[in-house]
Amino acid sequence: MKNYSRQREEIIKVIKDSYNHPTAEEIYMTVKAKDPAVSRSTVYRNLGLLVENGFINKILCATRIYQKTGRIGVSPTLPVFLRIFIEFLRFIV
């Protein structure tokens, strides 16, 4: 990612400051609240660039799309068996 973007910096800040794994839509809504000029396509395009360059991981599932690296959070929207499995992984690691 050669070019600096104020909007990209805000997207990265939102991801870093979150304690769960926000969806692209949640990231968009948070950034939009701070910068009304940002578009949904800008957020999705920048998330794609962040995935492409290895800054975040993309997870395709029914409840969460983008996951930041480093933290594992348990979303209350995940099915119970997945929440239990994630808690089990935390316990054994």
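The values are calculated or read from the model by the stated rules, or taken from the named source; none is laboratory data. Since the structure is predicted, the reported quantities are computational estimates derived from the model, not experimental observations. Surface accessibility is based on the protein's heavy atoms, side chains included, excluding ligands, DNA and RNA. Shrake-Rupley method; radii C 1.70, N 1.55, O 1.52, S 1.80 Å.
General remarks:
- Largest-first ordering by accessible area, 1.4 Å probe, given options Asp17, Asp35: Asp17, Asp35
- Ordered by solvent-accessible area of protein heavy atoms (1.4 Å probe), largest first, the residues Val14, Val51 come out as Val51, Val14.
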